[in-house]
Each structure stands twice: as C-alpha cells, then as structure tokens.
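The next block holds one structure in the form of structure tokens; read it before the comments.
The values are calculated or read from the model by the stated rules, or taken from the named source; none is laboratory data. Since the structure is predicted, the reported quantities are computational estimates derived from the model, not experimental observations. For neighbour counting, all protein chains shown are included, and Cβ atoms are generated from backbone atoms with ideal geometry for every residue, glycine included.
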Amino acid sequence: MADAKGIYILAELDEGLKPTSLTLELMGLGQRLASDLATDLNAVLLGSGAQAAAQELARYGTGEVLLLDEPALSGYHPEIYIEVLAGLLRSRPPLVLLAGHTSMGQDLLPRLAFALDCGLVSDCVGLRVEGEEVLFTRPVYGGNALATQRVETPTAMATVRARVGDAPSPAGTAAAVIPLEVSPPAQTRLEMKGKEVLSGRECPLEEAPVVVSGGRGMGGEEGFGQLREIAALMGGAVGASRPPVDSGWAASTCQVGITGKVVAPDIYIAVAISGSTQHLSGMSESGKIVAINKDPDAYIFKVSDYGVVGEWKQLLPSFTAALKELPKV
C-alpha cells in the first residue's frame, strides 16, 4: 500500500439519494481533524445515479469527492462494497477512514478493516488529535465508562455516532468530483433477494432529533400508538427497550440498547423504562433525558435530566394535548 494520508469520510445517502445528516456531521468532524493534522479531507461516495449527491456533498468543505457510480452499488451489498472499497483504499490509503455508526457502517467497516489489516475503533463518541495521532473515545462496560484508544496501523478506521460532529454550512463553491472506474466482482456468495422499505412504525432512529421510547411497563402494543403520535408532533421517532420488541409490541428496528441501536438525540423521552444497563448503553449520550415511570426508585431517574413519577396512561394524554396547542414553527 502507498503511504497513508488524508482523512476520508465514507458517505451514506438517504432514500432520496441525498447525503444523510450523519454524513454531513462527519464532514464537519473530518474538517477539524484534517485541520489539526495539516492534511486533506476527502469524501468517498458509492452508489448508482449518485452524481447529483456527489455535487451536493462537494459543497461541504471536502477537498475531493471520490465517486464510485455503478448499478451494482445501488444498494448495500457487503461483498461488492468491500471489493470496490478495498481496491480504492489500497491505492489511496487514508490516515483515518470515518463512517457513521449505522447498520451499514457497523457491518462494512469490520470487514474492510480485516481485508486491509487496519485497526478499527467502533461506536466512537469523541475524536481528537494529540500530537500527530488521532485519539478515539468510545463507551465501554455497557456505557458505564469511556475509554480513549489509539490505532497503531498506518490507516485507522472508526464508526462514529450521530451528534458527535457538527454539520458545516454549505459553501458557495464546490470541490472537485472525481469519477473513478468501478470493477465489481463478477460473482458473489450473497444474493440480494429483495428490499423492504420501512414503514412509519419502523422509524430510522439514528438521526432523529427526538426519540420517544417505551418499555415493558407499556403493557402492550396499544401504548406505542400514543408514543408515535407524540413523536410525530415533536418531529422525532419511536424507540423501544428490548422487552417490547421481544413481545412483538414494537419492531426490531426500533430497539435501543446494546443489542439494538445507539442513538444520541437532542431529547430522549423514556416512558415506562426501568433503566437497565443494556438500554442505557444505547441512549446515554442523549442531550436531555426525560423519564416517565410509576416507580420512584426506577434507575432511569438517576440518569435523567427531568423525571415524572406517575402512570403513563394518565400522563401522556395531557402531554399530547399540550403539544398540539403549541404554535407551529
């Protein structure tokens, strides 16, 4: 491999083929790291028909956008993505490759790090430059402590949570978009059988500014209808602890916790959630935590900024009515 240089951001697109908010946050984070290391920032975008997205991404402070545009890259396929990315990174190895701590990032980067023999730090909640190296901060022991780690390989890889970086404002001029030749593998062991679009019940949690989650104390699926109404009024998404998911009251894509998704919204509302370590590890970095629980001794109150002791069936209707009376902004 050539000498490693530069910070690379692995961009993701939403269903509308636009850079996700997490991708833009990584651009802001990458700018800071690149400035501190006196190096370049580049973005890597894989997709099909992604030229417009690449042009938009080029307005957010990157040196270049390396575009790999190919029909085989229209949806995430681990074997194809690894083959294509590994070829690119062998010829242009970065000092650091950052990706979002999303479903794709959590699956792709460990495979890619193994293929390229690179060090990987997952689930980062902080990155900083000390001397000439990048230090990575991530939760350990179920979110009860933070560890600062370094990577000793020439290229370091990391997945980063939402809300760690600040999205920069778009510039008036755009950086260069560099289309690269793509040679996807002729055969793969995995076959994509289809794609299912998530319904409103199965919300994308990672980028939601507000998450309203329910726990075992909801008692059934009916209560989650009230949570969805509150989330819609607040422009957020619905989450759940593990018991409601295991009971079929909420979709698995809604699960927050060490075996679910890791979220860091501006506001996290925990309704009838006791506050197990498994759940707290998935939302402890939230901006403000609001807890509603009938048990005054529930552990969730120890980590919440605001708490209400009471039965959710009595409290949520009034809360919903108050939200409806707020002026629209």
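A few comments on the model shown:
- Looking across region 276-301 at every residue that is in contact with a strand residue (DSSP E or B) (Cβ under 9 Å, 6 or more places away or on another chain) and at pLDDT below 95, the one that is farthest from Ser122 (Cα to Cα) is identified as Gly287.
- For region 276-288, the set of residues classified as under 20 Å from Pro243 (Cα atoms) and either among the small types (Gly, Ala, Ser) or outside any helix (DSSP H, G or I) (or both) consists of Ser276, Ser281, Gly282, Met283, Ser284, listed by residue number.
- Where Val210 falls short, out of the listed (1) under 27 Å from Val303 (Cβ atoms); (2) surrounded by fewer than 19 Cβ atoms within 10 Å (Cβ to Cβ): (2)
- Residue in region 292-304 that is among the aliphatic types (A, V, I, L, M), in a loop (DSSP other than H, G, I, E, B) and within 23 Å of the chain's Cα centre (by Cα) present: no
- Being within 17 Å of Leu315 (Cα to Cα), out of contact with any Gly (no Cβ under 8 Å at 6 or more places or on another chain) and surrounded by fewer than 19 Cβ atoms within 10 Å (Cβ to Cβ) is a description that does not apply to Gly248.
- Whether a residue is of a type in the set (Ser, Thr, Tyr), assigned to a loop (DSSP other than H, G, I, E, B) and touching a strand residue (DSSP E or B) at 6+ places or on another chain (Cβ under 7 Å) was assessed, and Thr153 passes this test.
- Options Gly220, Gly165, Gly225; residue that is under 16 Å from Val271 (Cβ atoms), modelled with pLDDT of 90 or more and in a loop (DSSP other than H, G, I, E, B): Gly220
- Within region 309-325, being in a helix (DSSP H, G or I) and closer than 12 Å to Ile292 by Cβ holds for Trp312, Lys313, Gln314, Leu315, Leu316, Ser318, Phe319.
- Check on Gly75, within 21 Å of Glu207 (Cβ to Cβ) and either among the aliphatic types (A, V, I, L, M) or buried (at least 19 other Cβ atoms within 10 Å of the Cβ) (or both): no
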